[in-house]
Amino acid sequence: MSHHIVEVKNLKYTYPDGTCALKDISFRITHGESVAVVGENGAGKSTLLLHLNGYLMSGNGIIRIGDYPLTKETVKEIRRTVGMVFQDPDDQLFMPTVYDDVAFGPLNLSLPPEEVDSRVENALFTVGALHLKSRPPYRLSGGEKRSVSIATVLAMSPDILVMDEPTSNLDPRARRKLIELLKTFKHTKIIATHDLDMVMDLCERTIVIHKGQVMSDGPTAEIFMNQELLAESHLEKPLRMQGCPVCGNK
């Protein structure tokens, strides 16, 4: 199961405008772990995630997916292992119908039509969106778009799910449905988010990033109890840990 392992060593990245986004990031995630990456806006979360399957490439540092370093030569194969769900579903949905969007990846693997169809049906069924397969993506709600964007990744049969702000812009019911869905996935999951209550539901481990550096990496409950760390990283405790704002009870 070594292909499920994600290892980052001394990763640095500076954008062309001179903005230093990542400073010597290192961590190792093993098979089946569900890990949150948290931090304030601009901390470097999205930049980090975009490195994990080669959407961004840095000449400073090493990324290994399983037994293979992420390079220009291996990136195509690694993208079959690491499925990326972007923050904005519209970045992943661009075909005339939901079916076409979910089929896009498998078709580019040159799979036979019956295998493509099977993957599309299974992926949409898994996220509860099979009834949407003939719909144009622009006619979907925010929650439906999120489900379909996840299906586009599942259809590629990845071992690792990388997700950027998966609950953003979802109403409470859609958010809860997504969390329950993600609980059923046995994939290794890496989730960048501001939704710290979702982190408590899904992630036993949390990596805190501040100004492009890892501030802490450990059990989620311990991280969220460390008030000094949260304050230094410009974060607050999850709402469920803050107590009632009216009566003050916890």
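What follows is calculated from the coordinates using simple rules that are stated; it is not laboratory data. Being a predicted model, the structure only gives us computed values, none of them experimental. In this analysis, Cβ positions are derived from the backbone assuming ideal geometry, glycine residues included, and neighbour counts consider all displayed protein chains.
Each label point was placed 7 Å from the Cα along the Cα-to-Cβ direction; for Gln242 and Asp90 their separation is 2.9 nm. Across the stretch 66-80, computed HN-Hα scalar couplings (Karplus, 6.51 cos²θ - 1.76 cosθ + 1.60, θ = phi - 60°) run x, 8, 10, x, 7, 9, 4, 7, 9, 4, 5, 5, 5, 5, 6 Hz from first to last residue, x flagging Gly and Pro.
Indicate the gyration tensor shape class of the chain (rounded, prolate or oblate), computed on the Cα atoms with a ≥ b ≥ c the square roots of the eigenvalues: a/c under 1.5 is rounded; otherwise a/b larger than b/c is prolate and the rest oblate.
Judged from the Cα gyration tensor, the chain comes out oblate (a/c at least 1.5, b/c at or above a/b).
Rounded to the nearest whole Hz, the Karplus-based 3J(HN,Hα) values (6.51 cos²θ - 1.76 cosθ + 1.60, θ = phi - 60°) of the stretch 161-170 follow the sequence 9, 10, 10, 10, 6, x, 9, 5, 6, 9, with x at glycine and proline.
How charged is the neighbourhood of Lys211? Take every other residue with its Cβ under 11 Å from the Cβ of Lys211, and add Lys/Arg as +1 and Asp/Glu as -1. Working shown, then result.
Numbers: positive: Lys23; negative: Glu40, Glu232.
Net charge in that neighbourhood comes out at -1.
Would you mind calculating the gained length between Thr184 and Asn169 on full extension (0.36 nm times residue separation, minus the Cα-Cα distance), in nm to one decimal? Don't skip to the answer; put the middle values down first.
Details: separation 15, 0.36 × 15 = 5.40 nm, distance 2.20 nm.
Additional length available on full extension: 3.2 nm.
The length gained on full extension between Asp24 and Glu77, counted as 0.36 nm times the residue separation minus their Cα-Cα distance, comes to 16.5 nm. In order along the stretch 30-37, the phi-based Karplus estimate (6.51 cos²θ - 1.76 cosθ + 1.60, θ = phi - 60°) of 3J(HN,Hα) comes to 9, 3, x, 5, 10, 10, 8, 10 Hz; Gly and Pro are listed as x.
Give me the net charge of His194's neighbourhood, meaning all other residues with Cβ under 14 Å from the Cβ of His194; Lys, Arg count +1, Asp, Glu -1. Display every interim value, and only then the final one.
Values: positive: Lys45, Arg175, Lys237; negative: Glu40, Asp164, Glu165, Asp195, Asp197, Glu236.
So the environment of His194 carries a net charge of -3.
If we count every other residue with Cβ under 12 angstrom of Asp90's Cβ, Lys/Arg +1 and Asp/Glu -1, where does the sum land?
Working: positive: Lys145, Arg146; negative: Asp88, Asp91, Asp101.
With Lys, Arg at +1 and Asp, Glu at -1, the neighbours total -1.
With a/c under 1.5 counting as rounded, go ahead and sort the stretch 25-94 into rounded, prolate or oblate using the C-alpha gyration tensor (a ≥ b ≥ c being the square roots of the eigenvalues; past the cut-off, prolate if a/b is larger than b/c, else oblate). Rounded. Under a Gaussian network description of the chain, with springs only between Cα atoms under 10 Å, the residue in Leu111, Leu22, Leu49 that fluctuates furthest is Leu111.
Between Ser110 and Lys12, residue separation times 0.36 nm minus the direct Cα-Cα distance comes to 31.8 nm. FRET efficiency for the His31 to Arg139 pair, using the beta carbon distance and R₀ = 51 Å, is estimated at 0.85.
Once the Cβ-Cβ distance of Asp217 and Leu130 is raised to the sixth power relative to R0 = 35 Å, the FRET efficiency obtained is 0.35.
Classify the stretch 150-250 from the C-alpha gyration tensor, please: rounded if a/c falls under 1.5, else prolate or oblate depending on whether a/b exceeds b/c. The shape class here is oblate.
The separation of the stretch 12-79 from the stretch 99-170, counted between C-alpha centres, amounts to 24 Å.
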